[in-house]
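The values are calculated or read from the model by the stated rules, or taken from the named source; none is laboratory data. Bear in mind that the values here come from a model prediction, so they are computed numbers and not experimental data. Don't worry about glycine lacking a Cβ; one is built from the backbone with ideal geometry, like all the others, and counts go over all protein chains shown.
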Amino acid sequence: MPDAARTLSAFDFRSDFTAPPAEAGDVRLSADEVVALIAKVRADTLAEISRQEVQETLDRLDRVSATMREVLSDLLKVMQLLDSAAFDEATSAPLRSTVTSLAQRLLDGQGDLFGLTRDLSETLDNAPKAGRRMGQ
């Protein structure tokens, strides 16, 4: 039993039930400070998740834009081939009209993508933690 007596330390009795002063290296937080810390961590985590989601969307839009540029390039090649091919007027006009219509739809869609990309980039710029923007 003498071993147990050596591990005992004196109890600092306080009638006001306040916590004893912190020793060097000890960290003491009140309940309000813990709640505030948890709220801050939660808000920072949610902001980071939001920033990552926006960045993933921007990356996906980058890929879609690249694909649209490739399709427009291919349509230009098709148009050049059609111009060099010998078709009668009845066939040439509908082909040209179809290719032009497809190109216009792609250009309109790309304009919508650029607008969406700009909006998402602004959202990412206004996020608490700055992330990589499209094209950087």
Discussion item. Being under 21 Å from the mean Cα position of the chain (by Cα), closer than 30 Å to T98 by Cβ and polar (S, T, N, Q) is true for just one of S50, S65. Which residue is that?
Written reply: S65
Worksheet item: Before we move on, is Q80 among the polar types (S, T, N, Q), part of a helix (DSSP H, G or I) and closer than 18 Å to R63 by Cβ?
Response: no
Worksheet entry | Among (1) part of a loop (DSSP other than H, G, I, E, B); (2) at pLDDT 80 or above, the one test that R132 misses | (2)
Worksheet item: Given T91, T98, T57, which one is without any contact (Cβ under 8 Å) to a residue 40 or more places away in the chain and under 30 Å from T117 (Cβ atoms)?
Response: T98
Discussion item. Pairs please, first residue from region 64-79 and within 14 Å of Q104 (Cα to Cα) and touching a residue at least 40 places away in the same chain (Cβ under 8 Å), second anywhere and among the small types (G, A, S) and surrounded by 12 or more Cβ atoms within 10 Å (Cβ to Cβ), Cβ atoms under 8 Å, 6+ apart in sequence or on different chains.
Written reply: M68/G109
Discussion item. Looking only at region 70-114, count every residue that is surrounded by 12 or more Cβ atoms within 10 Å (Cβ to Cβ) and basic (K, R) and tell me the total.
Written reply: 1
Worksheet item: Does T117 satisfy being closer than 14 Å to V64 by Cβ, of a type in the set (V, I, T), at pLDDT 75 or above and assigned to a helix (DSSP H, G or I)?
Response: yes
